[in-house]
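J.: One structure follows; several queries about it will come next.
Please treat every number below as a calculation from the coordinates, not as lab data. The shown structure was predicted, so the numbers you read here are calculated from the model rather than taken from an experiment. Cβ atoms come from the backbone with ideal geometry, glycine included; neighbour counts cover every protein chain shown.
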Amino acid sequence: MKVLVAGGGGREHAICWKLAQSPKVTELYCAPGNGGIAQVAKCVPITATDVDAMTAWAKENAVDFVMVAPDDPLALGMVDAMEAAGIRAFGPRKNAAVIEASKAFSKELMKKYHIPTARYETFTELSAAVSYIQAQGAPIVVKADGLALGKGVVVAQTVEEAVEAAREMMEDKKFGESGSKVVIEECMTGPEVTVLAFADGEHLAPMTSSQDHKRAYDGNQGPNTGGMGAISPSPNYTPEIADRCVREIFEPTMAALKAEGRPFKGVIYFGLMLTPDGPKVVEYNARFGDPECQVVLSLLDTDLLDILEACVDGTLDKLEIHWKEQAACCLVLASGGYPLSYKKGYPISGLEEAGRTAVVFHAGTAEQDGQIVTAGGRVLGVTALGGTLDEAIDNAYAAAKPISFTGMHFRTDIGRTTFF
Ligand code: AMP
Ligand code: GLY
């Protein structure tokens, strides 16, 4: 089969790496791809958000199957466009991708169907938002409604900080139109867990659990990032909690989306907080998390294309999915300055040596005159397995040792903080 993956980060590298292992995949393309993806797929220079160009290219090149990996093209309706062009495509349609594209939508859905989440209110007027913050007190959480690269959330410790965050989003338009509506919610406490699940519109198959590390610096300090590392499975996600999540959150969410006429096919991302009152939803995403994808797919022991096809065909319940009885750790090596401003174009050394004991997924790299150079904020995701979580973490750090580039920074405590 001729397969096209839309996207070009570490997540897409992991997806292409896994798909390339499928005997059914005869030709693999990735648009736009990156310097590492080019080692397992042919890269096509189309930006992931260019729905028209992507669809036209897939049609002209007789692509059999498209996997849309990032949030933006899903929110723009790339799956709908592929389907309209007669191409089988994996991912939620636009009307289901809205669970990520609008926090206000997903919060209303949870309220309507009694799915546990933080109490909240939605505002379009700054003055009303400020009065609400003052009445509720701190700590309190302020979120831009739309997509903001994982950076549109402020967990404010004081009323002043929360008011300032709301003002920046609503008045200064820090996140553009994403912030013209804000959700203000109760601050929850407890460890965070990500559970990704394959979904076919009706059924859902949770993957092995994982845990992201969103803050830029050690000890969960500094600004939020797209994710500085991940581990799988999460030590906090016990079988009892998993049962509870399936019953109280996962299945009710699938049923709610179906009841609303928005059946979800694709990967649904449950960002959970294990609070003293039980597991609650922090956020939904409509796609694989990044870097969670790197650890989870490293542990997958079933042909990924078989699973993606079952999701599209609505036959997920007939498929057995196997996971390695191991643990995985992905350590992100980032550009100096990320998530704020950073420079690109620095040569990267040590990749070959690191690749002997780990899989080095490329997040933001490019090839320049035969040399791999930095081309993004998150540059690489060094991903290693181990018999235990401790072993996987040690293996990832050991594998990353030989890698260097100007300004490289990473967290030294991935998987080691007791409270994530
Ligand atoms: P989100 O983009 O909604 O996942 O939020 C980013 C991060 O902000 C989450 O991973 C949490 O660490 C934190 N966060 C979001 N909402 C809440 C909340 N209601 N209470 C506490 N922390 C939160
Ligand atoms: N790692 C968090 C996300 O992909 O949204």
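J.: Can you tell me which of 296-302, 86-92, 127-133 comes out highest on packing, and rank the rest after it, using the mean Cβ neighbours within 10 Å?
T.: My ranking of the peptides, most packed first, is 86-92, 296-302, 127-133.
J.: Sticking with this structure for a sec: Could you put 60, 292, 168, 185 in order, starting from the residue whose Cβ has the fewest other Cβ atoms within 10 Å?
T.: Result, fewest neighbours first: 60, 168, 185, 292.
J.: Can you give the Rg and Dmax of the chain based on its C-alpha atoms, in angstrom?
T.: 20.5, 60
J.: Under 18 Å from a label point 7 Å along Cα→Cβ of residue 306: give me every residue in the range 61-96 with its amide N that close.
T.: Flagged as within label range: none.
J.: Additional query: Please state, rounded to one decimal and in Å, the Kirkwood hydrodynamic radius that the range 266-334 gives when every pair of distinct Cα atoms enters the mean of 1/r.
T.: 14.1 Å
J.: Binning at 5 Å from 0, report for the range 54-104 what percent of all alpha-carbon pair distances ends up in each bin.
T.: So the P(r) values, bin by bin, are 4, 25, 32, 20, 11, 5, 2, 1.
J.: Enter the Cα centre distance for the pair the range 255-331 and the range 179-208, rounded to the nearest angstrom.
T.: 10 Å
J.: Let me ask something else. I need 170, 254 ordered by Cβ neighbour count within 10 Å, fewest first.
T.: 254, 170
J.: Output ³J(HN,Hα) for the range 316-328: one whole-Hz value per residue in order, computed from phi by the Karplus curve 6.51 cos²θ - 1.76 cosθ + 1.60 with θ = phi - 60°, and x for Gly and Pro.
T.: 4, 5, 8, 10, 8, 10, 10, 10, 5, 7, 9, 10, 9
J.: Taking H placed 1.01 Å from N in the peptide plane, check which residues at least 5 places from residue 40 or on another chain put their amide H under 5 Å from its amide H.
T.: Sorted by chain and number, the residues that satisfy this come to none at all.
J.: Here's a follow-up. Where does each of 218-227, 257-266 land if you order them by average Cβ count within 10 Å, highest first?
T.: Peptide ranking by packing, descending: 257-266, 218-227.
J.: Under 30 Å Cα-Cα from residue 258, which lysines qualify once same-chain neighbours fewer than 8 residues away are excluded?
T.: The reachable lysines, counting only those whose Cα sits under 30 Å from residue 258, are 18, 59, 94, 103, 107, 111, 112, 143, 151, 181, 280, 318.
J.: Sticking with this one: How would 52, 71, 369, 303 line up from fewest to most surrounding beta-carbon atoms within 10 angstrom?
T.: So the residues, fewest neighbours to most, are 369, 52, 303, 71.
J.: Please give the peptides 10-21, 309-320, 193-204 ranked by average Cβ packing (other Cβ atoms within 10 Å per residue), highest first, as a rough proxy for protection.
T.: Ranked from most to least packed, the peptides come out as 10-21, 193-204, 309-320.
J.: If you build a Gaussian network model of the chain, linking Cα atoms that sit under 10 Å apart, which residue out of 240, 27, 192 swings the most?
T.: Comparing 240, 27, 192 in the GNM, the peak value goes to 240.
J.: What aspartates and glutamates sit close enough to residue 214 to cross-link, taking a C-alpha to C-alpha distance under 14 Å and skipping anything fewer than 8 places away on the same chain?
T.: Within the straight-line cut-off, residue 214 pairs with 192, 283, 290, 292, 413.
J.: Can you give the charge dipole size of the range 129-230 about its Cα centre, rounded to the nearest 20 debye, using +1 on the beta carbon of Lys and Arg and -1 on the beta carbon of Asp and Glu?
T.: Working: 8 positive and 15 negative charges, 33 e Å.
The calculated dipole for the range 129-230 is roughly 160 debye.
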